[in-house]
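The values are calculated or read from the model by the stated rules, or taken from the named source; none is laboratory data. Everything numeric in this text was worked out from a predicted model, so none of it was measured. Quick reminder, even Gly has a Cβ in these numbers, built from the backbone with ideal geometry, and neighbours come from all protein chains shown.
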Amino acid sequence: KQSKTSQIRTPIVCVLGHVDHGKTSLLDTIRGSSVVDTEAGAITQHIGATIVPIEAIARGNSSLAKMQFNIPGLLFIDTPGHHAFTTLRARGGSLADLAIVVVDINEGFKPQTIEALQILRNYKTPFVIAANKVDRIHGWRVHENESFATTFAKQNERVQGMLETKVYELVGKLSDLGFNSERFDRVRDFARNVGIVPTSALTGEGISDVLMMLIGLAQRYMTDNLALSVEGPGAGTVLEVKEERGLGTTLDVILYDGTLSVGDEIVVAGHNQILTTKVRSLLKPRPMSEILIEDKFERVKSVAAATGIKVAAPKLEGVIAGTPLRVVRGENRDEVIEKVMSEI
Ligand code: GTP
Ligand code: MG
């Protein structure tokens, strides 16, 4: 099993949606920590990346624990819903293999939700809708961390009817936007229909269903794309350029293809110029932790896609967030430089 899983790269899952609809909280519940509390104004100011190993996803979830997986885990990218961050969301959307669109079920679709759906349509990215904050439906009885089916069966008829109505409002809006959708437990063909999962990031209800859906989508539709990507020269996107004490200027990178090692020559993009430099050190976020929390880094010699990684190297001062990073290995440098220029 081990040798098989090592062949397939980790799918990148982007979490998109309107401001305050619960993206960070949802991710928080998935990883079982509480990053949302540390955020100034609860706005996700930066893109955060979190790796959740498959064992951690399956643990404590009876239906998932029984399943066989061929993906090593999921790499989640959180994005801010604030209107000022359109480019960050577009960047996340372009990187994503899969996505979760979070919508407050009581508020319905808002501008950033619609924008997220457009991004996903442009990139043909499979996604699930998390119809979040079901615990706010009047009369909802909380059953912490239960699956949707279990908690829904325990609600009274009025609450069940209310939830159905709200789900169908979403189905209607999605139809206007050109997507066929259904409540997830009624979807027969996930290639044609988007699944809507009622969730509460606060109580954990429906979260296991979201994870199950993502794993299902990854296993069914992604394995061809993911199978060959853990070898060869690394390719990634620079999410952030940051000064770090003791390290100088560093890049927070999402590596979506190949490998990246200490000593590798890399090509990155600065203001009006292409830079080449050598990787001095690689700092990896530990599983279940945030790339943005420094003391949780582990120094590594090499990483394989997909992962979030902090890169320290000389000459990174002028690098621009949102631009590509590529490793020179095998191909000649000029070809790699040309590739990077074509991707800016
Ligand atoms: P931005 O990053 O600012 O775009 O917001 P976000 O989508 O990440 O939302 P966030 O997770 O910060 O949640 C916004 C607020 O909604 C917080 O006060 C959360 O506690 C609350 N919240 C999130 N999910 C739920 C939920 O399922 N139920 C309830 N009742 N509150 C929730
Ligand atoms: Mg957030």
May I ask you to verify whether Asn145 is away from ligand 2 (no atom under 16 Å from the Cβ) and touching a Gly at 6+ places or on another chain (Cβ under 9 Å)? yes
Can you pull out every residue in segment 74-120 that is at positive phi and free of Cβ contacts under 8 Å to residues at least 40 places away in the same chain? none
So Glu240, is it more than 30 Å from Ala131 (Cβ to Cβ), among the acidic types (Asp, Glu) and surrounded by 15 or more Cβ atoms within 10 Å (Cβ to Cβ): yes
Hits in segment 1-59 - residues which are at pLDDT below 90, within 16 Å of ligand 1 (Cβ to nearest atom) and of a type in the set (D, E, K, R): Asp28, Arg31, Asp37, Glu39
Among residues belonging to segment 7-24 that are more than 14 Å from Thr79 (Cβ to Cβ) and more than 10 Å from the chain's Cα centre (by Cα), point out the one that is nearest to ligand 2 (Cβ to nearest atom). Thr10
Among the numbered criteria (1) at pLDDT 80 or above; (2) crowded, with 23+ Cβ neighbours inside 10 Å; (3) of a type outside the set (Ser, Thr, Tyr), which single criterion is violated by Ile71? (2)
Which of the residues that make up segment 180-207 are more than 25 Å from Thr24 (Cα to Cα) and in a loop (DSSP other than H, G, I, E, B)? Asn180, Val187, Arg188, Asp189, Phe190, Ala191, Arg192, Asn193
Can you find a residue in segment 244-256 that is under 22 Å from Gly92 (Cβ atoms), of a type in the set (Phe, Trp, Tyr), under 21 Å from the mean Cα position of the chain (by Cα) and surrounded by fewer than 20 Cβ atoms within 10 Å (Cβ to Cβ)? no
Scan Val253, Val230 and give me the residue that is at pLDDT below 90 and under 22 Å from Ser302 (Cα atoms). Val230
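Go through segment 75-104 and give me each residue that's within 17 Å of Val210 (Cβ to Cβ) and of a type in the set (Val, Ile, Thr).
Residues satisfying the conditions are Ile77, Thr79, Ile100, Val101, Val102, Val103.
Just checking, how many residues over segment 205-222 are touching a Ser or Thr at 6+ places or on another chain (Cβ under 8 Å) and either more than 9 Å from ligand 1 (Cβ to nearest atom) or under 19 Å from Val187 (Cα atoms) (or both)?
6
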Total residues in segment 87-136, condition outside any helix (DSSP H, G or I), away from ligand 2 (no atom under 16 Å from the Cβ) and among the basic types (Lys, Arg): 1
For segment 322-344, give me the residue count where each residue is part of a helix (DSSP H, G or I) and of a type in the set (A, V, I, L, M). 4
A careful count of residues in segment 145-159 that are modelled with pLDDT of 95 or more, in a loop (DSSP other than H, G, I, E, B) and surrounded by fewer than 18 Cβ atoms within 10 Å (Cβ to Cβ) gives 2
Out of everything in segment 118-134 that is within 16 Å of ligand 1 (Cβ to nearest atom) and hydrophobic (A, V, I, L, M, F, W, C), what residue ends up being modelled with the lowest pLDDT? Ile119
Looking only at segment 271-291, count every residue that is at pLDDT 90 or above and over 26 Å from the mean Cα position of the chain (by Cα) and tell me the total. 7
